[in-house]
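Have a look at the structure below before the remarks.
The values are calculated or read from the model by the stated rules, or taken from the named source; none is laboratory data. This one's a predicted model, so the numbers in the text were calculated from it and none came from an experiment. When we count neighbours, we look across all protein chains shown, and the Cβ atoms used for this are built from the backbone with ideal geometry, even at glycine.
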Amino acid sequence: MKTKNLLAATALTVLLAGCSSDDKATPKQETTKEAKTTVEEQVVTDQIGREVTLPKEIDSVVVGGILPYYSTWYVATNSTKEIVGMHPNSYNAAENSILAKISPDILRADTSFVKNGEVNIEELMKINPQVYIEHANDEATIDKVTEAGIPVVGIQAIDAAAAEPLATFNSWLELTSQMTGTVERANRFLAEGKKVQAQLDEKLKPLAEKDKPRAMVLFMHDDKTITVTGRNFFGNQWLNATGAVDVAEKDIQGKKEVNLEQIYAWNPDIIYITNFTQTQPQDLLEGKVEGQDWSQIKAVQDGKVYKIPLGIYRWSPPNGDAPLMLKWMAQQNHPQLFDYKMEDEITTYYKDFYEYDLAADDVQDILHPSSAAAK
């Protein structure tokens, strides 16, 4: 699929079980180049170049290890009733998100088809999906589900070549529009993302490199492990797009476990914490992590440790709130340049784009997500 100049988005073994930094694997099975269809069928080309025959009308979808994808379906279609199954990690994020209020059908999705981290075909067949969406790198699952007779659409977790953080989500959105025939909301999102990035670029362009904060994205964390992200990952794209320097960019590709001494050496001005970990800013700011002394790091000393918000999905990987993520992170990086009120930006976006009136408490829940969303 071709995505040009679409605005600039996250993982994992836990993130996208699937946002790994290397998405070049191609499943073993081959598909017929000249697929035959009936009037009730369509052929789409997935993101690993496979032609997949699907029903014209899709009303039952299961989302596997490509964790954020269910939110893409919602953005494209304004519906989640078609999501009949999803990975337990996706369900946990959905359950703790505003999407559970906006489109409560998402909470009806079955999670029993994932057993011990793997797809159980017998349980999957009970759900009877018309299409299974999977991370392009998970060759074993794609093969197994395809052999069971269920069409599988492979999705790439990240466009590593893209400088813009929205490129990946835009590509998912375009593919979903092809599958569903829904284009209006997708086109609106693409236009909004492009507009927001252009607004940011105009204000950030005059900045010299020395005027940009040095930032780090803490991806996974507990008292035993510290995992950060670097180049070819969403955190790096977000930072570059919002006027920051990624301290891990030169040393890390994708995501990697590091020790605290490495973070001392980087000494970031700002630390962003994703929603793939239960760690909250207060845990670092107040020295609550046993065996770890974060007090020597400039970001902690200055109180610039932020939990990345969670709206219809976690804001760190591809998601429908991406224009808001751009605004939010740009404001943390350069509050003197971006003086809008994020509460108002979020409320307006949800009203205009999702046609949903957020309560004040809803907005605060988005901006300050609980640790439960990462369990």
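State yes or no: is S316 polar (S, T, N, Q) and either within 20 Å of the chain's Cα centre (by Cα) or closer than 15 Å to I273 by Cα (or both)?
On the way: polar (S, T, N, Q): yes; either within 20 Å of the chain's Cα centre (by Cα) or closer than 15 Å to I273 by Cα (or both): yes.
Yes.
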Sort through Y264, Y272 and tell me the only one that's under 20 Å from the mean Cα position of the chain (by Cα) and either at pLDDT 95 or above or under 27 Å from P68 (Cβ atoms) (or both).
Y272
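Go through the residues of the stretch 74-96 one by one and say whether even a single one is closer than 23 Å to E139 by Cβ, among the hydrophobic types (A, V, I, L, M, F, W, C) and either surrounded by fewer than 22 Cβ atoms within 10 Å (Cβ to Cβ) or in contact with a helix residue (DSSP H, G or I) (Cβ under 8 Å, 6 or more places away or on another chain) (or both). Can you show your working first?
Our first condition is that a residue be closer than 23 Å to E139 by Cβ; within the stretch 74-96, this holds for 85-90.
Next, from what is left, pick out any that are among the hydrophobic types (A, V, I, L, M, F, W, C): 86.
Checking which are either surrounded by fewer than 22 Cβ atoms within 10 Å (Cβ to Cβ) or in contact with a helix residue (DSSP H, G or I) (Cβ under 8 Å, 6 or more places away or on another chain) (or both) leaves us with 86.
Yes, the conditions are met somewhere in the stretch 74-96.
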Is it the case, given these coordinates, that G243 is among the small types (G, A, S), outside the structural domain of L166 (by TED's automatic domain parsing) and over 21 Å from L204 (Cβ atoms)?
no
Return a yes/no flag: does the stretch 221-228 have any residue that is assigned by TED's automatic domain parsing to the domain that holds Q332, surrounded by 17 or more Cβ atoms within 10 Å (Cβ to Cβ) and in contact with a helix residue (DSSP H, G or I) (Cβ under 8 Å, 6 or more places away or on another chain).
yes
Output the qualifying pairs, or none if there are none: Cβ atoms under 7 angstrom, residues six or more apart or on different chains, first residue in the stretch 353-375 and assigned to a loop (DSSP other than H, G, I, E, B), second residue aliphatic (A, V, I, L, M).
Y354/I102; Y356/I102; L358/I346; P369/L310
If you scan the stretch 148-190, which residues turn out to be within 30 Å of Q130 (Cβ to Cβ), surrounded by fewer than 18 Cβ atoms within 10 Å (Cβ to Cβ) and of a type in the set (A, V, I, L, M, F, W, C)?
A148, V183
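Would you point out the residue of the stretch 191-218, among those that are of a type in the set (K, R) and part of a helix (DSSP H, G or I), that is surrounded by the most Cβ atoms within 10 Å (Cβ to Cβ)? Lay out the reasoning, then the answer.
In the first step, residues of the stretch 191-218 are kept if they are of a type in the set (K, R); the result is 194-195, 203, 205, 210, 212, 214.
Still in the running and part of a helix (DSSP H, G or I): 194-195, 203, 210.
Working: K194: 18, K195: 12, K203: 13, K210: 6.
Residue satisfying both the conditions and the ranking: K194.
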